[in-house]
1. Go through the stretch 31-40 residue by residue and turn each phi into a ³J(HN,Hα) via Karplus (6.51, -1.76, 1.60, θ = phi - 60°); whole Hz please, and just put x for glycine and proline.
2. Amide H of L43: which non-local residues (sequence gap of 5 or more, or other chain) have their own amide H closer than 5 Å, using H built in the peptide plane?
3. Along the charge dipole of the chain, pointing to its positive end and built from +1/-1 on Cβ of Lys, Arg, Asp and Glu, which listed residue (I56, V41, I143) has its Cα farthest out?
4. Remind me, what semi-axes does the chain give for its equivalent ellipsoid, largest first in whole Å, using sqrt of 5 times each Cα gyration tensor eigenvalue?
5. For Cα pairs less than 8 Å apart in space and 6+ apart in sequence, what is the mean separation divided by the residue count of the stretch 1-112, i.e. the relative contact order in percent?
6. Whole-Å semi-axes of the stretch 42-106's equivalent ellipsoid, largest first, each the root of 5 times a Cα gyration tensor eigenvalue?
7. Quick one: which residues, 5 or more positions from C96 or on another chain, have an amide H under 5 Å from its amide H? H modelled 1.01 Å from N in the peptide plane, none for Pro or chain starts.
8. If I histogram all Cα-Cα distances within the stretch 1-93 using bins 5 Å wide from 0, what percent of pairs lands in each bin?
Amino acid sequence: MEFQWLKDYQELEEQILYLKWNLNKSKLELQRWVCGDLADVRLEKNSRASSLEEIIAKIEQEIELLEEQRTEMLAIINSFKGIDNEIIKKKYIDGCSLDVIADEIGYSISYVRKRYTEINKTLAYIDNYKNSKQRKNYFNEEIEYYQDKLNQIHGN
């Protein structure tokens with residue numbers, strides 16, 4: 001897919017966001033156990049609470065690794081050529097409006113809007129195609145599964 005990098009980048013961003021949320025939640029939970037309302041509660045040896053500091057360290061390491069990957073991915077994305085890649089990068093990664101994109105890349109706003117619309121149609125078509133293909137594969141697997149079961153019942 002021409003814009004697979006965009007999906008990869010968005011997935012990476014979602015992973016980082018989730019891990020940061022999980023990190024904050026874990027730190028708050030640790031604070032409750034250390035000096036909050038749970039400070040007087042006895043911990044079980046193998047409980048999640050007893051290993052919160054280790055969990056927090058692992059989450060922080062994972063965030064650091066993913067942020068390094070994001071930096072590397074941005075370097076690769078910045079090396080892509082072509083007006084379509086520029087428009088998509090500036091729109092979905094940099095968060096620019098189409099007006100700003102037109103100014104930055106030196107094309108008219110009408111041309112940028114037209115390209116953006118065409119790119120989105122292409123992305124939507126590809127997504128629909130992939131989803132349709134996945135559904136077909138799922139149903140084919142189900143058909144094969146039930147056919148095998150029928151064959152087993154009938155002794156084939």
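Rule-based calculations on the coordinates, nothing more; no lab input. Since this is a predicted model, take the numbers as computed values, not measurements. Quick reminder, even Gly has a Cβ in these numbers, built from the backbone with ideal geometry, and neighbours come from all protein chains shown.
1. So the J values, rounded to whole Hz, are 4, 4, 6, 7, 9, x, 5, 9, 4, 8.
2. none
3. Looking along the dipole axis, the top candidate is I143.
4. So the three semi-axes of the chain are 40, 35, 12 Å.
5. 25 percent
6. After scaling each eigenvalue by five and taking roots: 43, 13, 7 Å.
7. K91
8. Taking every Cα pair in the stretch 1-93, the percentages come to 2, 12, 18, 16, 11, 10, 8, 7, 6, 5, 3, 1, 0.
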